[in-house]
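Data first, discussion second: the structure below is written as structure tokens.
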């Protein structure tokens, strides 16, 4: 009887502790989605009969496909670069003595401060030949004018560079942390079996951090699909029009605030959100990344 | 190469596989090159406000101007809308402070409830939290805009602050922390001693979670301090804006990055805009460097250990 009462108290207290977060979850995740969905389904100029007209309108918009292609090409450059550099450098860091790698790790964290609007500012000066410390290098390629670099065919590389640079160091240090948690006995055993350091890196360490790398790729991809600040600011103030409606989120911004078509804008937003939810569910149910977290809750 | 270094190399050659040496050298070259490449842009940003606009174009890019340069750049920035930059800076500071404080408190309580109480629907709440943490915040911007206008919060500080207190990643980190780092027996022992859930939370769990609190504060600060899209969309008045959005306004209303904005007579050019950017970047940099030990110990390794 007493035990039953204690369990009941624990249920109530647990709920009370969880409640503030639950309130925020409802307020800032569930309600916005419901409201946006209802706006997207309302009758409007582009959606005369109500229903899914806005979704069709967005998909048929002449700017949609180019924006989708831009974002996908950008991801095609950005994701593999991120994977190779992060995996490579964290393995290299792990192969040297921890204390020797301290200054390197600190240096890799420095670019994390250069993000969002600051990234546009800094990379403008880094890439503009008049100001750039890399100007002599650019000259070798014949790039002497700003427009040699800032032109529409280079945009995917420019944005990939900006976003890669902001996040890579952070992830290198995080993955290095994962590598550090591999038990020494395991690595020692491999060495005794005659594996050299390259073999240890590729056959033992890499498979062991595989799931962390997959998790990183999903987060990076989700964020990359949503790219907005970099193309928006570059195009709205630095080189006017250079990346107009370049990304999907820019298009939804344009629809909402310049085209006064909130219905179509929320429709686009929700379609992106559904892709994100799909990605999230794949990670949660189709990979082993959260297995430990999920089983923990069953035990208790 | 000094004599001792040469000696070390020869000693190593004897000790380890001779084939491994070129690979090791190559690894060092790559690591050092990437480190240099990592610090150049930030170093440039720190140096830029010390120079004049002419110096920025003509002096070597990585050179230092004068300390007076920083003061001049600051004074010039203050000419923009009667020192609006100070308002933005102050807004950024107090918005972020509230967000970090509230987000961390709520996340710790939520994570603890998932890990150590018998709260109902724990599993489904955990899955929901995982979903919310993987979907990037940017995906919610337009839906949030619709909600904020419906609530009548458009163009108020709360439109920026409130959504930033929702911190599912923090709940997840806290949940992992309370269910792995602190042994379950400890909670049980405290309960047998007669402490209720709240007592266990305040007397046992909270005092043991300094590392966790540091990590949560670090992540929520990072996300909120630099947030651009949501503040940009839900706020219109200059006096409610934050520094990152303000920087974007400086881009479009001064000739600093786009000489074609010529009608503007304010002396806000390269050095001034760099100083404004530095005000955003420096706090992030300092917090990153200060918590690099937390990061190195492994956000993932420590929390999602296999």
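List of remarks:
- Enumeration of residues in the range A:253-267 that are in contact (Cβ under 8 Å) with a residue 40 or more places away in the chain and under 18 Å from residue B:136 (Cα atoms): A:266, A:267
- If you go through the range A:1-13 and keep only what is out of contact with any helix residue (DSSP H, G or I) (no Cβ under 9 Å at 6 or more places or on another chain) and within 7 Å of another protein chain (Cβ to nearest Cβ), you end up with A:7, A:11.
- Test: residue in the range B:197-219 that is under 22 Å from residue A:228 (Cα atoms) and either modelled with pLDDT of 90 or more or in the same structural domain as residue B:103 (by TED's automatic domain parsing) (or both): yes
- Residues that are within 11 Å of another protein chain (Cβ to nearest Cβ) and assigned to a loop (DSSP other than H, G, I, E, B) were ranked within the range B:217-237; the one that is farthest from residue B:289 (Cα to Cα) is B:236.
- Exclusive hit being away from chain A (no Cβ under 11 Å), touching a helix residue (DSSP H, G or I) at 6+ places or on another chain (Cβ under 9 Å) and assigned to a helix (DSSP H, G or I), set B:214, B:111: B:214
A quick yes/no check of all residues on (1) in contact with a strand residue (DSSP E or B) (Cβ under 8 Å, 6 or more places away or on another chain); (2) surrounded by 19 or more Cβ atoms within 10 Å (Cβ to Cβ); (3) within 9 Å of chain B (Cβ to nearest Cβ):
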| site | (1), (2), (3) |
| --- | --- |
| A:15 | no, no, yes |
| A:25 | no, yes, yes |
| A:29 | no, yes, yes |
| A:32 | no, yes, yes |
| A:37 | no, no, yes |
| A:48 | no, no, no |
| A:57 | yes, yes, no |
| A:60 | no, no, no |
| A:69 | no, no, no |
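- Residues satisfying the stated conditions in the range B:58-89, i.e. in a loop (DSSP other than H, G, I, E, B), touching a helix residue (DSSP H, G or I) at 6+ places or on another chain (Cβ under 6 Å) and crowded, with 18+ Cβ neighbours inside 10 Å: B:65
- The listed residue being closer than 22 Å to residue A:167 by Cβ, at the interface with chain B (Cβ under 10 Å from one of its Cβ atoms) and touching a residue at least 24 places away in the same chain (Cβ under 8 Å), out of A:217, A:270, A:206, A:225: A:225
- Flag for residue B:127 being surrounded by fewer than 24 Cβ atoms within 10 Å (Cβ to Cβ) and at the interface with chain A (Cβ under 7 Å from one of its Cβ atoms): yes
- Per-region count, the range A:168-202, residues within 18 Å of residue A:215 (Cβ to Cβ), without any contact (Cβ under 8 Å) to a residue 12 or more places away in the chain and assigned to a loop (DSSP other than H, G, I, E, B): 1
- Residue count for the range A:112-148, restricted to those that are crowded, with 20+ Cβ neighbours inside 10 Å and either in a helix (DSSP H, G or I) or in contact with a strand residue (DSSP E or B) (Cβ under 7 Å, 6 or more places away or on another chain) (or both): 13
The values are calculated or read from the model by the stated rules, or taken from the named source; none is laboratory data. Computed from a prediction, not measured in an experiment: that's the story for all the values here. Ideal geometry is used to build each Cβ from the backbone, glycine not excepted, and the neighbour counts take in all protein chains shown.
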